[in-house]
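Only one structure is covered here, and it is reproduced in the block below.
The values are calculated or read from the model by the stated rules, or taken from the named source; none is laboratory data. Please read these numbers as outputs of a predicted model, since none were measured by experiment. So basically every Cβ, Gly included, is an ideal-geometry build from the backbone, and we count neighbours across all protein chains shown.
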There are 4 protein chains.
Amino acid sequence: MTGLILKIDCPDQPSVVSKIASYVADYSGSLVEFSQFTNTQLAKFFARVQINTSNLSVDVEDFISGFTTLGKSLSASWNFRRLPYKMRTAVMVTKTDHCLNEILWRTSLGELPIEITSVIGNRDNCQKIAEQAKLPFHFIDMDGEKKEAGFRKVHEILKEENVELTVLARFMQILPNWFCDKHSGKIINIHHSFLPAFIGAHPYRQAYERGVKLIGATCHYVTSDLDAGPIIEQEVQRVQHFHTPKDLMRLGRDCERDAIARGIRYHVHDRTIIHENRAIVFPD
Amino acid sequence: MTGLILKIDCPDQPSVVSKIASYVADYSGSLVEFSQFTNTQLAKFFARVQINTSNLSVDVEDFISGFTTLGKSLSASWNFRRLPYKMRTAVMVTKTDHCLNEILWRTSLGELPIEITSVIGNRDNCQKIAEQAKLPFHFIDMDGEKKEAGFRKVHEILKEENVELTVLARFMQILPNWFCDKHSGKIINIHHSFLPAFIGAHPYRQAYERGVKLIGATCHYVTSDLDAGPIIEQEVQRVQHFHTPKDLMRLGRDCERDAIARGIRYHVHDRTIIHENRAIVFPD
Amino acid sequence: MTGLILKIDCPDQPSVVSKIASYVADYSGSLVEFSQFTNTQLAKFFARVQINTSNLSVDVEDFISGFTTLGKSLSASWNFRRLPYKMRTAVMVTKTDHCLNEILWRTSLGELPIEITSVIGNRDNCQKIAEQAKLPFHFIDMDGEKKEAGFRKVHEILKEENVELTVLARFMQILPNWFCDKHSGKIINIHHSFLPAFIGAHPYRQAYERGVKLIGATCHYVTSDLDAGPIIEQEVQRVQHFHTPKDLMRLGRDCERDAIARGIRYHVHDRTIIHENRAIVFPD
Amino acid sequence: MTGLILKIDCPDQPSVVSKIASYVADYSGSLVEFSQFTNTQLAKFFARVQINTSNLSVDVEDFISGFTTLGKSLSASWNFRRLPYKMRTAVMVTKTDHCLNEILWRTSLGELPIEITSVIGNRDNCQKIAEQAKLPFHFIDMDGEKKEAGFRKVHEILKEENVELTVLARFMQILPNWFCDKHSGKIINIHHSFLPAFIGAHPYRQAYERGVKLIGATCHYVTSDLDAGPIIEQEVQRVQHFHTPKDLMRLGRDCERDAIARGIRYHVHDRTIIHENRAIVFPD
């Protein structure tokens, strides 16, 4: 299907749905999905609109550029994406490979409209997996004093490879603030706890010590505030008193795989809109 | 808030969202929620639209009647409901009271916009609960040969009390076909299994015999085809080998309460649209 | 069924299961359930043993007292409870009644082997519900300077009524340390968040601000460390971006009811053993 | 750790726990886990006992053979397995590879104590995956008239490779009765529905047609009665009206992977005991 996805947010105002829908209708676009959310408290309007452009009466380029007049009159931020597409995605890893494997598997099944540009590791444990999948693997040492230079290198790679999304698939290094800021809204992390519980290191150990009866994982956008960015998806699993910290790690892997898979899915299908510290998600 | 809920379904066609939204905008209605679903395979469009009418430029009555022209031009079926409202609801019971209790509790908390007109029982076990809640209780004998007369009596009560929704809250009698047909789309049942597994009598006993690891409950619209009507909501719970059929009944009650509470909620908030044998549900 | 429940914990050691089981067998007791957990790291053994005493060859009293020799030789802590029994239980409340209702409902169905001795409130909102259930209601003012005297009064009531378990069913006052200490292991609280996230006041508001995708409730033993006692049970529920803090409260009530019901169930069936800050739970 | 797992079932009788535990204690075995279930209705006793044999006072072989006297006196069926071990496992596949991948991944992580002897396919789609994992792949044509010969071939391979467990990882052929009987209790299947709902072909299509709100997957032992063998594990996932049959297939894959992974785990850790048409599962 050829088509467009429009993401838009603007102050809530009379006729906003009608104006957007009419714009589409006026040029013979056909609405496949119109997902909308009005935050009445903040008087903000958010929408994800999917448009079938098969019968569009104008050129798609003109349709997109012509929206500017309406968009500005609504004081909106918006973005169009042409269907079909593959979002260029880099995956950053350290040692563990289950999240990387999950992403590779779902990509190969065609579940995710992404093209993995490369795998970037601050350890080389995942190199073989990347190679089996015929993906470039960049080993970049970021330990200790090499951290700053390492992230500059990563930044270069992302630019060169035209990366739109970077996934931290159990990447175990804290990102420098400038890096978070430069890629704001374009880095997704999986944290191995039910945030905001157990921020920081060794969350399964912390969970064990606290004696929780459910463990979890959180997929969120990365900000310079550690483990505090907008949450896209969370997953939990029951545990019992006999589960050791090692068992929690094992059971938690399943949460992590599920949460990161759905989190990526929502992002790459343009089903998320970040507003302040919250993520609006129109699930599919 | 004063407002309107519009439920509409029609053949999918160009501009349908734009036309509906423009109609609302033209008379200064404001969209609170526009939930839409297009079944592309069937080329059918379904929507639930919630409108704030505080600033409406015309009389609400005129707004509603004026929609007829648009509605007909879309070959639509539609319905307006004025906010706030209380849906007049009868609850039918036999012996067990947990679903009735759940409904009473949620109603008293203001969770459900309903007014319970009466409780109707083919046993008198729930009479006391009804009386404590200051609700009329109609005991109607429907056993054996009295079934037909009993249901005619129920039908009379529903008419007299202007009932819009009848909830079978573990009502253990099969309804006559004519009764199902007359109240089509207006009777909600809770079945104590994960339908379509374990249709008919003693589903927990059946579940035990089969050795399932999850039991469930299903809230569905009643049709003359037993346990086969459109499903609104389902709930499940893990069970283990040591649970006896009696344990399954106990654990299942929690599923039943959850499923019936959400099923009623979706219906009375006009969040369901029945299409053939499936229920479209826009959850909140 | 007549019988006994034995709860026991001791250092892990050779033959411990065999010794306990043999003691039971030697006097013709019959094991209905032998639930055991060995924490190999701590070298600690925990068990819950349910014994059918129908064919016991000695008097139950002698059976219990005779165990002392074995128990001491194992350096164990243990406790026998005779079946059937009703655990004398007080329920403390403030304004909201959904947890109280849940407890009353499950008790009346025979799901919980408890006898509610009284309802104690620092507000009178739940007085009517208590009265309808034919339960004494103690209104005790604990505001501001009356707090200390209030809790001394509560302490007196619990003594007079021979209360074994006190349930804080959305009781919104922080307990004084001396009170927590005096009733250690005998007070169960429901906290309306997924602990350790959102400790303290207004957890649903906190959850909303953080933008979590799952909310929860935690049933735990009360210690003088606020919201930090051993966790018995937790429950969660999915939420979305459109849910307001008020919606979270509504959805959270279902988590709270489930978690407190199961937490109480495990405790009153002697299915919990507290060890340091963790609760071992043998679920049924 | 060196050790033993004992699985045993016998008529319920006085002293059974004491006798088993005493046997272990008498020879200085140490109990790591004693999981037991008494079906009081059937008067049957089932247990899984894990024994640390590090300090055993006799040879393990003698310990095992010496149990015969006790076992027979209890009229028991029992089985000892020496730790550590790798259960020799064959995986049968057709076209889809997600269950195979899941098994390979968990095996490589050391989550499952199995050694995959080979992958057997009636299509060659999974050949490459098997080869990447350095596993023999047997392509066996079983279509139409070749079915009988094909299964005889499979039977030969299982014998030659000393296979203890055969996993049908979305293997899409109905097994002949003689094959089911010969490998009774040693074949695990994943069915892509919440059994007993949607037995047979195209369960996701059936689920879509019925309009269920939860889909599922079932891991069960294979018997000659199609999709009716003892259930080990089930998993479900919420779906909504907008999910197409293709979406259900995608979402269902996650259920299938979870259910088969846990089902295999319970079996290969000797945590299941089949009794008539039910599986007792002592989860970990």
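Here the stretch A:108-127 is the region considered, the condition is being crowded, with 20+ Cβ neighbours inside 10 Å and aliphatic (A, V, I, L, M), and the residue that is nearest to residue A:172 (Cα to Cα) is A:120. Checking C:216, C:252 one by one, the residue that is more than 17 Å from the chain's Cα centre (by Cα), within 12 Å of chain A (Cβ to nearest Cβ) and within 19 Å of residue A:196 (Cα to Cα) is C:216 and no other. The conditions of being in the same structural domain as residue B:111 (by TED's automatic domain parsing), buried (at least 16 other Cβ atoms within 10 Å of the Cβ) and within 26 Å of residue B:107 (Cα to Cα) are not met by residue B:243. Screening residue A:105 against (1) in contact with a strand residue (DSSP E or B) (Cβ under 6 Å, 6 or more places away or on another chain); (2) surrounded by 17 or more Cβ atoms within 10 Å (Cβ to Cβ); (3) not in a loop (DSSP other than H, G, I, E, B) leaves a single unmet condition, (1).
For the condition in contact with a Ser or Thr (Cβ under 7 Å, 6 or more places away or on another chain) and under 29 Å from residue A:234 (Cα atoms), residue C:191 qualifies.
Anything in the stretch D:239-249 that is more than 8 Å from chain B (Cβ to nearest Cβ) and not β-branched (Val, Ile, Thr)? List them, or say none. Listed by number, the residues that qualify are D:243, D:245, D:246, D:247, D:248, D:249. All of (1) within 13 Å of another protein chain (Cβ to nearest Cβ); (2) outside any loop (DSSP other than H, G, I, E, B); (3) polar (S, T, N, Q) hold for residue C:65 with one exception: (1). Of everything in the stretch B:26-37, what is facing chain A (nearest Cβ under 7 Å), over 22 Å from the mean Cα position of the chain (by Cα) and buried (at least 20 other Cβ atoms within 10 Å of the Cβ)? Give them in sequence order. Within the stretch B:26-37, B:30, B:31 qualify. Per the listing A:193, A:184, the residue uniquely among the hydroxyl-bearing types (Ser, Thr, Tyr), under 18 Å from the mean Cα position of the chain (by Cα) and buried (at least 19 other Cβ atoms within 10 Å of the Cβ) is A:193. Between D:95, D:86, the distinction of being within 14 Å of chain A (Cβ to nearest Cβ) and either charged (D, E, K, R) or in contact with a Cys (Cβ under 7 Å, 6 or more places away or on another chain) (or both) belongs to D:95 only.
The listed residues are D:276, D:235, and the only one of them that is at pLDDT below 95, farther than 17 Å from residue D:106 by Cα and of a type in the set (D, E, K, R) turns out to be D:276. Within the stretch A:197-206, being crowded, with 21+ Cβ neighbours inside 10 Å and out of contact with any Leu (no Cβ under 6 Å at 6 or more places or on another chain) holds for A:197, A:198, A:203.
For the stretch D:196-283, the strands (runs of 3 or more DSSP E) that sit wholly inside it and include 3 or more residues that are under 25 Å from residue B:279 (Cα atoms) are D:214-221, D:231-238.
Just the residues that are buried (at least 21 other Cβ atoms within 10 Å of the Cβ), more than 8 Å from chain C (Cβ to nearest Cβ) and among the β-branched types (Val, Ile, Thr), please, taken from the stretch A:219-238. A:222, the sole residue that qualifies.
If you go through the stretch A:4-59 and keep only what is at positive phi and either of a type in the set (S, T, N, Q) or part of a strand (DSSP E or B) (or both), you end up with A:15, A:28.
Restricting the stretch C:38-60 to residues that are under 28 Å from the mean Cα position of the chain (by Cα) and polar (S, T, N, Q), which is surrounded by the fewest Cβ atoms within 10 Å (Cβ to Cβ)? Within the stretch C:38-60, the match that is surrounded by the fewest Cβ atoms within 10 Å (Cβ to Cβ) is C:41. Scanning the stretch A:158-181 for residues that are surrounded by fewer than 18 Cβ atoms within 10 Å (Cβ to Cβ) and assigned to a helix (DSSP H, G or I) turns up A:159, A:160, A:177, A:178, A:181.
The number of residues in the stretch B:121-177 that are free of Cβ contacts under 8 Å to residues at least 24 places away in the same chain and over 19 Å from residue B:107 (Cα atoms) comes to 15.
Quick grid of which residues meet (1) within 19 Å of residue C:51 (Cβ to Cβ); (2) charged (D, E, K, R):
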{"site": "C:61", "(1), (2)": "yes, yes"}
{"site": "C:67", "(1), (2)": "yes, no"}
{"site": "C:70", "(1), (2)": "yes, no"}
{"site": "C:76", "(1), (2)": "yes, no"}
{"site": "C:83", "(1), (2)": "yes, no"}
{"site": "C:94", "(1), (2)": "no, no"}
{"site": "C:101", "(1), (2)": "no, no"}
{"site": "C:105", "(1), (2)": "no, no"}
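The residue that is nearest to residue D:33 (Cα to Cα), counting only those in the stretch C:5-23 that are buried (at least 17 other Cβ atoms within 10 Å of the Cβ) and facing chain D (nearest Cβ under 7 Å), is C:17. Note on the stretch C:113-132: residues that are under 22 Å from residue C:263 (Cα atoms) and outside any helix (DSSP H, G or I) amount to 10. Assessment of the stretch D:168-183 against the conditions (among the polar types (S, T, N, Q), in the same structural domain as residue D:138 (by TED's automatic domain parsing) and closer than 20 Å to residue B:230 by Cα) yields no matching residue. Taking the listed residues B:140, B:120, B:129, the one that is over 21 Å from the mean Cα position of the chain (by Cα) and over 26 Å from residue C:96 (Cα atoms) is B:140, with no other qualifying. Confirm whether residue B:110 is away from chain A (no Cβ under 14 Å), of a type outside the set (A, V, I, L, M, F, W, C) and assigned to a helix (DSSP H, G or I). Answer is no for this residue.
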